[in-house]
Amino acid sequence: MERELPLYENGVLRGHILCKDEGCYMTFSVDAPLLGGGVKKVWLVSDSGGRLLLGTLVPEGQRLRLRRRVSHSDLRFRGMAAPTSGQINPQEAAPGWSNLATLPLHDPELSAALAGLQGSWRRDGDSVELRFPWQVGQAVPVVSRFCLGQPGEGWWRLRLSAGEIASE
């Protein structure tokens, strides 16, 4: 069985992801027009808020392409049994969350460690929760705070005390 999912970049439809069921596996194929400069990563997205990094689009002629094969059990484990769309380099934060770039910090070392990372943050009582796109096998973001973090489905979560956050 095959189906197509829409592929968006900043809310604009840029192409489609072809999903092909191959027994124990699902193959995802992306074919998109050249989209300007920079590295373009594709994330699979579900309505439940799950995200899975499919990979980096590779130029082939005048197109960008990507192909990835993932087992159905891995998709279920990551909360992606029913993906609904794809996103290219998602920058927006989920409802209730703010973009990581807006996080006011006291600690210059932590600020430097977070610089350039994609992620989001929110206040949670007397602490602040940060989350970063992450998959098993990738380096852990903010290594200096590794012991304070925990893996989630497609995310690495990190909790900071409210005292580490500057007044807004």
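The values are calculated or read from the model by the stated rules, or taken from the named source; none is laboratory data. For clarity, every value in this text was computed on a predicted model and none was experimentally measured. Every residue, glycine as well, gets a Cβ built from its backbone with ideal geometry; the counts of neighbours run over all protein chains shown. Just so you know, the surface numbers come from the protein's heavy atoms only, side chains and all, with ligands and any DNA or RNA stripped out. Shrake-Rupley method; radii C 1.70, N 1.55, O 1.52, S 1.80 Å.
Here are the numbers for the structure shown:
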| quantity | calculated |
| --- | --- |
| Portion, in percent, of the accessible area of region 1-124 that falls on carbon or sulfur, probe 1.4 Å | 52 |
| Simple label model, 7 Å out from Cα along Cβ direction - T27 to L105, nm | 4.2 |
| Heavy atoms of Y25 accessible to a 1.4 Å probe, total area in Å² rounded to 10 | 90 |
| Region 94-163: equivalent-ellipsoid semi-axes (sqrt of 5 x gyration tensor eigenvalues, Cα, Å) | 17, 14, 12 |
| Total formal charge among the other residues, if their Cβ is under 15 angstrom from that of L35, Lys/Arg +1 and Asp/Glu -1 | +2 |
| Mean separation of Cα contacts under 8 Å, 6 or more apart, over the residue count of the chain: relative contact order % | 18 |
| Amide H contacts under 5 Å for T84, placed H, 5+ residues apart | V45, S46, D47 |
| Relative contact order computed over region 100-168 (Cα-Cα under 8 Å; 6+ residues apart), in percent | 35 |
| Residue order for D47, D107 - accessible surface, 1.4 angstrom probe, largest first | D47, D107 |
| Ranking by accessible area, most exposed first, for L18, L160 with a 1.4 Å probe | L18, L160 |
